[in-house]
Amino acid sequence: MESRRALPRLSFTGRPAPRLETVAGDYEVVDLSAEGVRFRVTGLNGTGVTIGDVLHATIRFPADRAIEIEGQVLRVSEGEAALRLTHGQERLALAPMPAGPASPRRTGLLW
């Protein structure tokens, strides 16, 4: 089966996640690519994000690195929202990623 995503996504499972900072609140980034960002909207912060909203935000990475972005909310479901970037994607497409290299996926049990 062919992947529906054209660009690779950087997942933050098992390591410190960047924060998506907006005027409405701060959110934990689940994953990101040069085209978009997926973030958690559970709890009180989730009430201010709706489909169609245009968000102006800062992605704040560990080690105090930051990227200004803008994008439109495409989806809000199951405690997460997806944002398609309209500004800032050129910074996310640069290598190395501001968050550092992707961690290799581990499989199996960890002792």
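Taken together, the values in this text are just the output of simple stated rules run on the coordinates, not laboratory data. In this text the structure is predicted, and so the values were computed from the model without any measurement. FYI the Cβ positions are ideal-geometry reconstructions off the backbone, even for glycines, and counts take in every protein chain you see.
So for VAL54, VAL49, VAL23, VAL41, fewest C-beta neighbours within 10 Å to most, what's the order?
Working: VAL54 11, VAL49 19, VAL23 8, VAL41 22.
Least crowded to most crowded, the residues run VAL23, VAL54, VAL49, VAL41.
Backbone amide hydrogens, once placed in the peptide plane, bring ASP53 within less than 5 Å of VAL73, excluding anything fewer than 5 places away on its chain.
A protection proxy built from the mean count of other Cβ atoms within 10 Å ranks the segments 25-31, 85-91, most packed first, as 25-31, 85-91.
Quote the relative contact order of region 10-91 in percent (integer), defining contacts as alpha-carbon pairs under 8 Å separated by 6+ residues. The normalised contact order for region 10-91 reaches 28 percent. Its Kirkwood hydrodynamic radius, worked out from the mean inverse distance over all distinct Cα pairs, puts region 10-91 at 12.4 Å. Distant-in-sequence amide contacts of VAL41, defined by a placed amide H-H separation under 5 Å and a gap of 5 or more residues or a different chain, comprise GLU80, ALA81.
Assuming R0 = 22 Å, what is the FRET efficiency of VAL54 and THR13, from their Cβ-Cβ distance, to the nearest 0.05? Computed FRET efficiency for VAL54 and THR13: 0.20. Phi angles across region 62-72 convert, under the Karplus curve 6.51 cos²θ - 1.76 cosθ + 1.60 with θ = phi - 60°, into 3J(HN,Hα) values of x, 6, 6, 8, 9, 9, 7, 9, 8, x, 10 Hz, Gly and Pro given as x.
Residue separation times 0.36 nm, minus the C-alpha to C-alpha distance between SER77 and ALA24: what's the value?
On the way: separation 53, 0.36 × 53 = 19.08 nm, distance 1.83 nm.
Between SER77 and ALA24, full extension yields an extra 17.3 nm.
Once the dipole of region 10-91 is set up with Lys and Arg at +1 and Asp and Glu at -1 on Cβ about the Cα centre, which of ALA34, SER11, LEU85 lies farthest towards its positive end? In region 10-91, that residue is SER11.
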